[in-house]
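J.: Sharing a structure here in structure tokens format.
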Amino acid sequence: MAPAAESFDAILIGTGSGLELVNGILQINPEARVAVIDKDEPGGICLNRGCTPSKILVTSADLIRNIQWAGTFGITAEIHGIDFPRIMGRMRAMIRADADPIKKGLESVPNVRYFPAVAAFVGPATLAVAGTTITAPKIFLCTGSRPVIPPIDGLEKTGYLTSDTLLKLTRLPRSLAIIGGGYIAAEYGHFFSAMGSEVTIIGRNPQFLHEEEPEISFLAERALGRGARILSGFEVIRVERGASGEKTILAKNRAAGTSAEIQVEEILIAAGRGPDHDLLHPAMSGIAVDENGWIRTNERMETSQPGIWAFGDGDSRYLFKHVANHEAEVAFSNAVLNKDKTADYHAVPHAVFMYPEIAAVGLGEAEAIRKFGERNIL
């Protein structure tokens, strides 16, 4: 007979926005037993692989551009050198300075059992992790997301970077092709071009930063185009590596049918993000997912399985840290405080940290016209 599952009062999977939820549970009931599980570095995507490291790097790029264009403001300045290894090392040191205390806290807080391991559902409200089986009446999924890798011929054989793996770089690529035309491509296009790489951005959509207002996208493409080449509306057909190590990308214009061949030292995939819970096997606990694999939740952050809540990137509504924090608060209010709270998405702000930065909040013009009519829009 298999041993009985170890019981906890709550289980949290993922150590991003959900950690405040754990703190709240223990403040209400210091005797509560909580299991915290994370297969990756403690602190979540934003701290370790997302918004925090990218913004640290972009800050260096901003300083470079400010100095390069200082003459516009009547200031004479020049750059005597760019120490790429030092810039990358500074970023990693700053991340460690925040992540290490989180790990130490998880390992030392009474009544919290930390599992730095992969977990998988093996039944309703029951998980297998690190050689043991655990269960709880309340389970919270904060599983995050991961880079989507498009099925491009030759890509796996040729090799590539993602927004995760580029953070380990110690040498600046002489040339870089970024496959994708969204905010990750814009921010890292800005960073690497400021560092001195020859950058080419290749996007499928005919509009660069297609989720922004068309006028904003036009200005953003013009601004970033001063330091990078941007090919919008191009489909990458094939990637191959030459005898001398260079990588060749064959892309086709989706409208005109013309081809472009780009040779670079390195490739960065920035084609969006997808769910990161396949190893968790949510279906084993009756948790419904949509056609793309994202966990289905209602606006109370409840999944299809009673007693299990999900929030953050894993539910796919908005892949923003501030939204994940808000959803974690909603889940806590409903699951722990027994309230009836719903998430409020009516005016979610966002920003793209290129040069200059882009920010937006609320409805875009086209959506506002559909909702309120053209006569009611200024």
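J.: Arranged by the count of other C-beta atoms within 10 angstrom, fewest first, what order do Ile45, Ile56, Ile79, Ile295 take?
T.: Ascending Cβ contact count within 10 Å gives the list Ile79, Ile56, Ile295, Ile45.
J.: Is it possible to state the helix-based mean residue ellipticity at 222 nm for the chain, with each DSSP H run of 4+ residues giving -39500 (n - 2.57), the sum divided by total residues, to the nearest 500 deg cm²/dmol? What is it?
T.: My calculation for the chain gives -9000 deg cm²/dmol from helical runs alone.
J.: When Thr170, Thr297 are ordered from fewest to most other Cβ atoms inside 10 Å of their Cβ, what list results?
T.: Lowest to highest Cβ neighbour count: Thr170, Thr297.
J.: Hey, another quick one. Compute the angle between helix 51-68 and the longest alpha-carbon principal axis of the chain, please, reported from 0 to 90 degrees and rounded to the nearest 10.
T.: 20 degrees
J.: Excluding Ala120 itself, what net charge comes from residues whose Cβ is under 15 Å from its Cβ, given Lys and Arg +1 and Asp and Glu -1?
T.: Neighbour charge sum, excluding Ala120 itself: -2.
J.: To continue, here is another question. Ordered by packing density, taken as the mean number of other Cβ atoms within 10 Å over each peptide's residues, highest first, how do 29-39, 66-76, 138-148, 237-247 rank?
T.: Packing order, densest peptide first, comes out as 138-148, 29-39, 237-247, 66-76.
J.: Just report the Cα centroid separation between region 297-320 and region 104-127, whole Å.
T.: 19 Å
J.: Quick one: helix 183-195 against the long Cα principal axis of the chain, what's the angle to the nearest 10°, folded into 0 to 90?
T.: So the inclination is approximately 50 degrees.
J.: Which FRET efficiency, nearest 0.05, do Val361 and Glu211 yield, Cβ-Cβ r, R0 22 Å?
T.: Efficiency computed from Cβ-Cβ geometry: 0.95.
J.: Number of Lys-Lys pairs in the chain under 27 Å by Cα, sequence gap 8 or more or different chains?
T.: Pairs that pass both the separation and distance tests number 28.
J.: Tell me the angle of helix 19-28 to the major Cα principal axis of the chain, expressed in degrees between 0 and 90 and rounded to the nearest ten.
T.: Once rounded, one gets 30 degrees.
J.: Just want the ordering: Glu367, Glu221, from fewest to most Cβ atoms lying within 10 Å of their own Cβ.
T.: Ascending Cβ contact count within 10 Å gives the list Glu367, Glu221.
J.: Taking each pair of distinct Cα atoms in the chain once, what is the resulting Kirkwood hydrodynamic radius in Å?
T.: Radius from the Kirkwood sum: 22.8 Å.
J.: Using Stokes-Einstein with the Kirkwood hydrodynamic radius over Cα pairs, what translational diffusion coefficient do you get for region 206-331 at 10 °C and a viscosity of 1.306 mPa s, in µm²/s rounded to a whole number?
T.: Approximately 87 µm²/s, per Stokes-Einstein.
J.: If the chain between Arg229 and Ala97 were fully stretched, how many nm would it gain, using 0.36 nm times the residue separation less the Cα-Cα distance?
T.: Gain on stretching Arg229 to Ala97: 43.9 nm.
J.: Next question, about the same structure. What are the GluC sites (Glu not before Pro) within region 247-341 that DSSP puts in a loop, where the Cβ has at most 16 other Cβ atoms within 10 Å?
T.: Glu265, Glu291, Glu299
We did not get these values from a lab; they are worked out from the coordinates using the rules stated. Keep in mind that this is a model prediction, so the values were computed, not measured. Note: ideal-geometry Cβ built from the backbone for every residue, glycine included; neighbour counts use all protein chains shown.
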